[in-house]
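Here's the structure, in structure tokens; my notes come after.
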Amino acid sequence: MNKAKRKVVIAGNWKMNFTPSEADKFIREIKPMLAGKSGCEIVFCAPYVTIAAAQKAAEGSNINIGAENVHFAEKGAYTGEVSAAMLKECGVQYVIIGHSERRQYFAETDATVNARVKAALAAGMTVILCLGEVKEQRLSGITREVVSMQTKLDLEGVTAEQMKNVIIAYEPVWAIGTGLTATPEQADETCGQIRDALAEIYGREIADGTTIQYGGSMNEKNAAELLAKENVDGGLIGGASLVPEKFKVIVEAAGN
Ligand code: PEP
């Protein structure tokens, strides 16, 4: 399967930005700007408390509202956490798991990421699984080994059937929120290495059918070049997902 047959997904990661009223205002502003754009699936992943307001504002549009994390347990004594069943009941389909900020600041490991992935998939959600190398790993020339290992550990126990609901976001940690972007060639090469790791686990057909996004300072200026690459099937966008005009240009770069 080639790129043209894969689902292209442009997803915003709002991180800890936007109160409910701010999210409402943002979605109402961007909704007409994105109307009729059918070249990609459009998602904004929002803080838990902002999801309902964003969903209401997005009603009747092509905008999906997702979450930024989910807990691995079904229920119980996990103060402050939110389960997949809770998100599902709120009408949330997409969820980011394993973002580098979770790994860096909240002690997420490949084991907890894997547990969250399995919980979300078991609830029928679509996972945006983030992985990528840190600067020292890239400089040491071990990027392929790092992303391949993360792919295998984070997807351990995930069935071939469940892979239909997995999107991978290749996010070099050194490029997130830094203004540094992987070159289109680096993004393409590493997304291809992740695809190779998927092929080792699930076979070539599933690997070639899996959507692999690039994330890391993607913006209105560099999106077209990155998204044109064979192995790049969309983007996970932080900073530029907070500015309607910038996000619109990225969506358009993914095809109209
Ligand atoms: C992200 O948060 O996933 C991200 C890629 O952020 P930014 O676009 O700001 O680098």
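Just so you know, the Cα atoms of the chain work out to an Rg and Dmax of 16.8, 48 Å. Working value for the stretch 58-98: equivalent-ellipsoid semi-axes of 23, 11, 7 Å, each the square root of 5 times a Cα gyration tensor eigenvalue, largest first. Along the axis of the charge dipole computed for the chain (Cβ charges of +1 for Lys and Arg, -1 for Asp and Glu, origin at the Cα centre), the listed residues Trp174, Thr126, Gly141 are led at the positive end by Thr126.
Rounded to whole Å, the principal axis extents of the Cα atoms in the stretch 196-235 read 35, 16, 11, largest first. In the stretch 67-126, which chymotrypsin sites (Phe, Trp or Tyr not before Pro) are in a loop and have at most 16 other Cβ atoms within 10 Å, using DSSP for the loop call? Passing both the DSSP loop test and the Cβ count: Tyr78, Phe106.
Taking the Kirkwood radius as Rh and the Cα radius of gyration as Rg, the stretch 24-170 has a ratio of Rg/Rh equal to 1.00. Loop-resident trypsin sites (Lys or Arg not before Pro) (DSSP state other than H, G, I, E or B) in the stretch 1-94 with no more than 10 further Cβ atoms inside 10 Å of their Cβ: Lys75. Label reach from Lys135 (point 7 Å along Cα→C-beta): in the stretch 163-203, amide nitrogens under 15 Å belong to 172-182. Rounded to the nearest 500, the 222 nm mean residue ellipticity of the chain from helices alone is -12000 deg cm²/dmol, with -39,500 (n - 2.57) taken per DSSP H run of at least 4 residues. The charge dipole of the stretch 20-101, taken about its Cα centre with unit charges on the Cβ of Lys, Arg, Asp and Glu (plus for the first two, minus for the last two), comes to roughly 240 debye.
Projected label points at Glu156 and Thr79, each 7 Å from Cα along the beta carbon direction, are separated by 3.0 nanometres. Stretching the chain fully between Arg28 and Tyr105 yields a gain of 24.5 nm (0.36 nm per residue, less the alpha carbon separation).
Read-outs: derived from the displayed coordinates by stated rules, not from any lab. From a predicted model like this one, the values you see are computed outputs, not experimental measurements. FYI the Cβ positions are ideal-geometry reconstructions off the backbone, even for glycines, and counts take in every protein chain you see.
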